[in-house]
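Every number here is computed from the coordinates shown, using simple stated rules; none is lab data. For clarity, every value in this text was computed on a predicted model and none was experimentally measured. In this analysis, Cβ positions are derived from the backbone assuming ideal geometry, glycine residues included, and neighbour counts consider all displayed protein chains.
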Amino acid sequence: MPQTLPVPDTRATPKDLPAIDRLLRQPAVAALIAEHGHTLVAGEARALLEALRARARVGELPAAEVGGDALARALAARVDARLAPRMRAVINLTGTVLHTNLGRAVLAEAALGHLLATMAGPNNLEYDLAGGGRGDRDSLVEGLLCELTGAEAATVVNNNAAAVLLTIAALAAGREVIVSRGELVEIGGSFRMPDVMASAGATLVEVGTTNRTHAHDYERAIGPRSALLMKVHTSNYAVQGFTAAVDEAELARIAHAHALPVATDLGSGALVDMTAWGLPREPTPQDKIAAGCDVVTFSGDKLLGGPQAGLIVGRRDAIERIRRFPLKRALRVGKLPLAALEATLRLYLRPERLAQELPTLRLLTRPLDAIRAQAQALQPALQAALAPRFTVEGVELLGQIGSGSLPVERLPSAGLAIAPAAKKGAGRALEALAAALRALPRPVIGRIADDRLLLDLRALEDADCAVFSMQLGQLGQRID
Ligand SMILES: *Cc1c(COP(=O)(O)O)cnc(C)c1O
C-alpha cells in the first residue's frame, strides 16, 4: 500500500471570504453586473457568500473555492442556474406517445408558426374584423369544429375536465345526472366523475352495475329532477367479459322521449377514423353527434394532437346554455392555446396530409421497420458510450398511445435495452444511468423494466435523434 501523504491544511476560514462589496468590484463580477444588472447578481452573491461562510465555520470549505477567480466563477454559475428555465424540452423514449407528464401532444409546425405569427403583437382574439366591433373568441374555431364534427355549435374551454364540469353545471346544476356505474371513471387521481358531479352542483344518479347497464336502468331512473343523461368514455380501463352497455344512439332515444339532453365525454376523441392508418378504433365526436348526442366533450391535447383545451360540440341550444353559464368565463381558453388549436384543426381539412403534418399521428404511424432501423443505427454509438459498464441491444417493444386512449391496446415498437454488465448493484447502476440520462442538456426519459433500462424509439424523430446522438459523449462521461 502506498502511504498517503499528509494533506496540507487547505481549508478556508470565514475571514478568508471577502465582503460582498469587494466581491462585486472584481472585474469578472462587474462584467456579470453589466450583463444582468445589480439586483440579480448582488442577490446571488449574498446567497453564495452566506453558504460558503456556513461551510467555512465548520471547517468544510476548501481554500480552492475561495482563491483566484473561484468566487466569480461560482457566482456566474449561480446566476446562470437562476436564469435557466425550469420547463425544458426533453426526449420522450418512454414508449407512451401522448405522455401526460411530458406535455401530451407535440404541437404541429403549423401550430407553432401560427403562435409566433399571432402572439408577438395584438390580434383579433375578440374583435370582429368584418364589423369592427366586439367579437367572440369561440368564433375563431367554431366553424371548423362544426365542419369537422357535424355539430351545430361549438365552444372551447381550458381543458376537457373543465368542459365536463361546465357542461354538467350548465345543464344540470341543482338537478340529477344519470350515469352508468360502469362509467364512473377516475382520470389521473384528481378527476373523478362523482366528485366532478358534486363540484358542478348536480346529483349523481348511478344506474346499472359495474359490468352491465341496460336501457331500462336509465328509463327507471328518469324522474322529475332528472336533467341530463350522461355517458363517459372509459378511457383508462376496459370492462371486459360479461358486459352490456347502452350506446349513445339508444341513450339519445330514451333521453329525447323525456325531453332530456344526452352528453358524452369522449376523453381523447379522435377527429378522424384512426383505423384508416391501421390504428385501433377510437370513438369520434362526429359518430356521437350523428348518434344524437346533444353535447360531446373531448380534449385538445390527446389524440387530436393540439394544445391543452376542452372542446364542447353539439346542438345549438345546449351549447348556448353552456356558453352563457357564468362559470364559462372562469374556464375560458387562453389566446395561446386557441391560436394553436385553430392551426391544428385546419390540418384536418387536408386528411391526406395529416399523417405527415400532425406529429401525434406521424409518431403513431411510424413504420416499425423504420424504428427498428433507427435502433440498429444508434446501438453501436450508445454501446461505445456505456461500455464496459452496460451492454446495449436492439429489442422489440410494446408501447402505447397514452393519455387514456385505448388502454388495453399496445403499439408494437422497437428500441434499445440497456443492461448492467455486473449483476451486483445492478438496480443502483440502472437508477444512476436513468438519472444521468435525465441530467443531459436535453433530458432523455426512458423506463426501467425487468432489470433493464428501455429506450423506446417510436417518438424519436430525426431532430431529437440528432440531439440524442450528440449527447452520447457527455453521457459516457457522466456515468464514469
Ligand atoms: C383525459 C380525460 C378527461 C380530462 O381531460 P383533460 O383534457 O385532461 O382535462 C376527462 N374525461 C375523460 C374520459 C378523459 O379521458
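Within the chain, the longest run free of exposed loop sites, counting chymotrypsin sites (Phe, Trp or Tyr not before Pro) that sit outside DSSP helix and strand states (H, G, I, E, B) and have at most 14 other Cβ atoms within 10 Å, spans 243-480. Were the residues from residue 370 through residue 13 laid out at 0.36 nm apart, the gain over their Cα-Cα distance would be 122.5 nm. Residue ranges 211-217, 338-344, 85-91 sort as 338-344, 211-217, 85-91 when ordered by packing (mean number of other C-beta atoms within 10 Å per residue, highest first). Using only the alpha-carbon atoms, how far is helix 70-83 inclined from the longest principal axis of the chain? Give it as 0 to 90 degrees, nearest 10. That helix lies at roughly 0 degrees to the long axis. Could you state the angle between the C-alpha long axis of helix 38-57 and the longest principal axis of the C-alpha atoms of the chain, as a value from 0 to 90 degrees rounded to the nearest 10? Compared with the principal axis, the helix lies near 60 degrees.
Excluding residues fewer than 8 places away in the same chain, name every one of the lysines whose C-alpha is closer than 24 Å to that of residue 231. Within the straight-line cut-off, residue 231 pairs with 288, 302, 328. How much FRET efficiency would the formula 1/(1 + (r/R0)^6) give for residue 329 and residue 63, where r is the Cβ-Cβ distance and R0 is 51 Å, rounded to 0.05? That pair, residue 329 with residue 63, gives E of 0.25.
When each of the peptides 448-459, 418-429 is scored by how many other beta carbons lie within 10 Å of its residues on average, the order from highest to lowest is 448-459, 418-429. Couplings 3J(HN,Hα) of the stretch 375-391, computed from phi: 4, 4, 5, 7, 4, x, 5, 5, 4, 5, 5, 9, 5, x, 6, 9, 10 Hz, in residue order, whole Hz [Karplus 6.51 cos²θ - 1.76 cosθ + 1.60, θ = phi - 60°; x for Gly and Pro]. Taking 0.36 nm per residue of separation and subtracting the current Cα-Cα distance, fully stretching the chain between residue 139 and residue 210 would add 21.5 nm. Principal-axis analysis of the Cα atoms of the chain puts helix 335-347 at an angle of about 70° to the longest axis.
The label point for residue 35 and the one for residue 184, both projected 7 Å from the Cα toward the Cβ, are 5.9 nm apart.
By how many nm would the segment from residue 225 to residue 467 grow when fully extended, if each residue of separation counts as 0.36 nm and the alpha-carbon distance is taken off? Answer, rounded to one decimal: 81.2 nm. Extending 7 Å from Cα along the Cβ direction at residue 438 and again at residue 480 yields two label points whose distance is 2.5 nm.
Working from label points 7 Å from Cα in the Cα-to-Cβ sense, the residue 421 to residue 124 distance is 6.5 nm. Highest-first packing order for the peptide set 160-168, 354-362, 138-146 is 160-168, 354-362, 138-146, based on the mean count of other beta carbon atoms within 10 Å.
Of the residues 91, 110, 271, the one whose Cα sits farthest towards the positive end of the charge dipole of the chain is 91 (charges of +1 on Lys and Arg Cβ, -1 on Asp and Glu Cβ, taken about the Cα centre). Each residue of the stretch 153-167 is assigned a 3J(HN,Hα), and the resulting list reads 8, 8, 9, 10, 10, 4, 7, 6, 4, 5, 4, 5, 4, 5, 4 Hz, derived from the Karplus form 6.51 cos²θ - 1.76 cosθ + 1.60 (θ = phi - 60°), x at Gly and Pro.
Cβ-Cβ distance of residue 73 and residue 349, R₀ of 60 Å, FRET efficiency by 1/(1 + (r/R0)^6): the value works out to about 0.65. Taking a straight Cα-Cα cut-off under 15 Å and skipping sequence neighbours fewer than 8 places away in the same chain, the aspartates and glutamates within cross-link reach of residue 423 are 431, 450, 451.
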